[in-house]
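Since the structure comes first, as structure tokens, the remarks are kept for the end.
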Amino acid sequence: MGRLDGKVALISGAARGMGNAEARLFAAEGARVVVADIVDDEGKTLASDIGDSALFQHLDVTSEEEWNACVAATTRAFGRLDILVNNAGIAIPAPMRDLSLENYRAVTEVNQTGVFLGMKAATPAMEASGGGSMINISSIDGIIAMDLVFAYVASKFAVRGMTKAAAIELASVGIRVNSIHPGFVHTQLGNFDPEGTRKILDHYSSRRVPLGRTGEPEDIARLALFLASDESGYCTGSEFVADGGILAGEPAPRGNE
Ligand SMILES: NC(=O)c1ccc[n+]([C@@H]2O[C@H](COP(=O)([O-])OP(=O)(O)OC[C@H]3O[C@@H](n4cnc5c(N)ncnc54)[C@H](O)[C@@H]3O)[C@@H](O)[C@H]2O)c1
């Protein structure tokens, strides 16, 4: 028996990274999954890898029209909607003084407005299914600020706040809303090495992350699975951190560091 048997999940930004890992894990646990993304080819490949229990739907999370179409496609294909993962996200690194209004808006449109539009579009369908679970992917940057990613920090703090406001509003219709706060995770977005290798990130993680390693998309997917399932039935409006211990504090230098 799967932990999500009978449930239908819609995951934004599911073509790559954490969303991809969540789609695979949710399907393996019995859910039918809508893989929604702007990257059509990779999204379609993932949906066909998963098989009949997955469907790809083009979705730009900044478009209210596309959100409504995506939710309609989900209920048309699978008859209901129980789980929404607002996972799509982008980062445009820049300190506040160098950040253009255009780039500030680009980041907040996807990371913040996209989450609002997702929750708004999904609510009627989830209410019609008798309730469910919304999972908003914030970041540790939504709990403590990080230097040089001003717009990203602004958007991720907003996601944390919107999660709590929505949780209070939607509790009476049986919809739980929680946020996940990943630390550094091996994905395209998480890799700040311009050459694309894992060296810089892994060196940083080995010294600064108490668990001594960078996270994997599956580390976050397993937490999302718990929040998606009925096992988290008494959790709403809460923050769930998966960061290898970063927010607990910094390890002291060891050996010859
Ligand atoms: N990787 C990390 O270290 C890290 C840490 C904390 C939080 N996060 C958050 O996790 C989430 C997933 O990121 P990831 O690390 O897997 O990155 P990723 O770049 O691997 O995946 C992000 C996905 O979002 C999609 N996307 C981008 N803009 C979109 C749009 N307008 N509409 C629909 N889809 C869009 C991309 O095509 C991609 O498939 C994001 O919200 C990110 O901010 C990542």
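The values are calculated or read from the model by the stated rules, or taken from the named source; none is laboratory data. Bear in mind that the values here come from a model prediction, so they are computed numbers and not experimental data. Here the Cβ positions follow ideal geometry from the backbone for every residue, glycine too, while neighbour counts run over all protein chains shown. SASA here: full protein model, heavy atoms, side chains in, ligands and nucleic acids out. Shrake-Rupley method; radii C 1.70, N 1.55, O 1.52, S 1.80 Å.
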| If you project the alpha carbons of the range 1-116 onto the principal axes, what extent comes out on each, in Å, largest first? | 53, 25, 25
| said: Please compute, over every Cα-Cα pair in the range 8-246, the percentage with a separation greater than 33 angstrom. | reply: 12
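Could you calculate the contour length gain from C235 to I168, that is, 0.36 nm times the residue separation minus the distance between their Cα atoms, to one decimal place in nm? Could you put the intermediate results ahead of the total?
Details: separation 67, 0.36 × 67 = 24.12 nm, distance 1.17 nm.
That works out to 22.9 nm of additional length.
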| remark: Cα-only Rg/Rh for the range 77-213 with Kirkwood Rh rounds to 1.04
| said: Just to be sure I follow the definition: excluding the sites themselves, where is the longest run in the chain that has none of the chymotrypsin sites (Phe, Trp or Tyr not before Pro) in a DSSP loop with at most 14 other Cβ atoms within 10 Å? | reply: 1-191
| Cα-based Rg and Dmax for the range 141-181, where Dmax is the largest Cα-Cα distance (Å) | 12.2, 40
| query | Once both axes come from the Cα atoms, what is the angle between helix 64-78 and the longest principal axis of the chain, in degrees from 0 to 90, rounded to 10? | reply | 60
| remark: In Å, the C-alpha Rg and Dmax of the range 87-154 are 14.5, 47
| request: Over the chain, with every protein chain in place, what whole percent of the accessible area is carbon and sulfur at 1.4 Å, could you tell me? | output: 53
| message | Suppose we look only past 21 Å in the calculated P(r) of the range 142-257. What percent of the Cα-Cα pairs does that tail hold? | response | 47
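Please go through the range 134-234 and write out the GluC sites (Glu not before Pro) that DSSP classes as loop and that have at most 12 other C-beta atoms within 10 Å.
E195
Apply 1/(1 + (r/R0)^6) to the Cβ-Cβ distance of F192 and A77, taking R0 = 25 Å, and write down the FRET efficiency to the nearest 0.05.
It comes out at approximately 0.10.
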| remark: Regression test value, accessible area per residue of the range 141-181, probe 1.4 Å, units Å², expected 41
